[in-house]
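Structure, as structure tokens:
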Amino acid sequence: MAAAGTALGAGAAGAPARPAGSACARTRSDAGLQPGCRRQPGGSRLPARTGPGRSAGRPLEQAGEGAVTLRVLADENIPGLESLLPPGASLRRKPGRQIRRADLRECDALLVRSVTPVNAELLAGTPVRFVGTATSGFDHIDREWLSAQGVAFAFAPGCNANSVVEYVLCAIAEVDDFLERLLAGGRVGIVGYGVIGRALAARLAQLGIASVACDPWLAPGSIPHPATLAEILACDVISLHTSLVDTAPWPSRHLLAAPELAALNSGQLLINAARGPVADNAALLQCLQAPDAPAVVLDVWEKEPRVEPALLQRVRLGSAHIAGYSLDGKLAATRVLCQALAKVFELEYSPSTKSGAQAALALDSAASVPDTLRSLLAARYRVADDDRLLREAVLGCDTDTAAGNFDRLRKQYRERRELAGSQVQLPAGTTTALERWVTALGCTVAVAKDGA
């Protein structure tokens, strides 16, 4: 992404190679699985350990005749591992921010989320041979170091994309009349055209809402409706979906600084569901203290788990970095990591693909289109609920207590299901147009018969 004050285009010929963790990382085969493995006697395939940071390495522990114990340490917020890990795996869990090198002395695989930096400081001298992150982005992972050490790596591109897309749609639906304005011809500006940015643009198109996007790391022609950053900042709604990149020539840290934020006004909505430092939080607070300030929704914060209380009080809606926290998305990411782990260690694996059935939704055909969309979105999720919880957890607390509460909200997050894939029951005589709006949100339709 561009440095503050630099216009973003759709990219240029001869553009530099995309940095690790860039917003538009491609979905790769084997869930981003990296090569670099050696064969163990007996056929188990273990990542090769080379270079100055390697440990002596140990074969997988034997747990009875012919059985193998794969020692896994995982972030406590990764769900479903107990049932989804390959047979023979032993699992330990810890809070992601508390994982230290000492925890990895007898560990073959490490599974994390975005709050755990994975680098030489954490892994050097440990027997870890596989690292997986249950996230689409990987700016918290030193992939170059892992590759040099022969440590296999996997991530979960796109697994939480629909969860984030629905968070953005809910935010739009819950703040003022932005949904009506977009349906009447307004425009959404998307910063970062990776898996999530593309998914958002596609869903908006299905709803008949115009969007433009910028991501200079992409080759020219990769974005159907490209725009500069200045053009993005003139849209009715601006939605940030770039990962945190410090690499020249387009770093994304403080991409929105004081000059960019000063270009916004009270007729606009800014949503950040990407990474906190993409928007300079100090400059954002100053911006929100101005009389013509935009409406702002923040799911991410520059100094997580510490949230600036004054900023939280000024935003329209805030949440504890949970935009991608749907149960559907988290279980999909868990499956991706478990499949990659089983492939690296050549373990037999037949994962469950079920997330549990959802109750059908009923819809009244008499509502307006905006209210119909609002009703469907709110039936599965309301950003306002997480906003209330975050304010209760942060405001009036000392800094350390508030930070602990922030992490507790993530750890104890309720079961949230996605709207996409839900069955919606419509009354008899429903118009085809209403069915189209329902299916545009990714739902299936069941129309009651006359007299039913």
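The values are calculated or read from the model by the stated rules, or taken from the named source; none is laboratory data. Bear in mind that the values here come from a model prediction, so they are computed numbers and not experimental data. Positions of Cβ are generated from backbone atoms using ideal geometry, with glycine treated the same way; all protein chains shown enter the neighbour counts.
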List the helices (runs of 4 or more DSSP H) that sit entirely inside the stretch 189-303 and contain at least 2 residues that are at pLDDT 95 or above and within 21 Å of the chain's Cα centre (by Cα). 195-206
Scan of the stretch 294-310 for residues that are surrounded by 20 or more Cβ atoms within 10 Å (Cβ to Cβ) and more than 21 Å from L169 (Cβ to Cβ), ordered by number: W301, E302, P305, V307
Quick check, is P309 assigned by TED's automatic domain parsing to the domain that holds G194, of a type outside the set (V, I, T), touching a residue at least 60 places away in the same chain (Cβ under 8 Å) and within 25 Å of D400 (Cα to Cα)? yes
Please verify whether the stretch 417-425 includes one or more residues that are at pLDDT below 95, crowded, with 19+ Cβ neighbours inside 10 Å and of a type in the set (S, T, Y). yes
In the stretch 154-177, residues that are surrounded by fewer than 21 Cβ atoms within 10 Å (Cβ to Cβ) and hydrophobic (A, V, I, L, M, F, W, C) total 1
Are there any pairs with C-beta distances below 7 angstrom linking a residue in the stretch 223-249 that is surrounded by fewer than 17 Cβ atoms within 10 Å (Cβ to Cβ) to a residue that is part of a loop (DSSP other than H, G, I, E, B) and among the small types (G, A, S), with the two at least 6 apart or on different chains, and if so which? A230/A7
Yes or no: the stretch 326-340 includes at least one residue that is in contact with a Cys (Cβ under 6 Å, 6 or more places away or on another chain), closer than 26 Å to V296 by Cα and modelled with pLDDT under 95. yes
Residue that is surrounded by the most Cβ atoms within 10 Å (Cβ to Cβ) [pool: residues in the stretch 90-113 that are touching a residue at least 40 places away in the same chain (Cβ under 8 Å) and out of contact with any Lys or Arg (no Cβ under 6 Å at 6 or more places or on another chain)]: A109
List the pairs whose first member sits in the stretch 136-152 and is in contact (Cβ under 8 Å) with a residue 40 or more places away in the chain and not assigned by TED's automatic domain parsing to the domain that holds R335, whose second member is crowded, with 22+ Cβ neighbours inside 10 Å and in a helix (DSSP H, G or I), and whose Cβ atoms are under 9 Å apart, counting only residues at least 6 apart or on separate chains? none
Could you tell me which of the residues A219, A173, A234 is over 14 Å from L269 (Cα atoms) and either aliphatic (A, V, I, L, M) or not assigned by TED's automatic domain parsing to the domain that holds D246 (or both)? A219
Looking for something closer than 20 Å to Y167 by Cβ and of a type in the set (F, W, Y) - is there at least one such residue anywhere in the stretch 435-442? yes
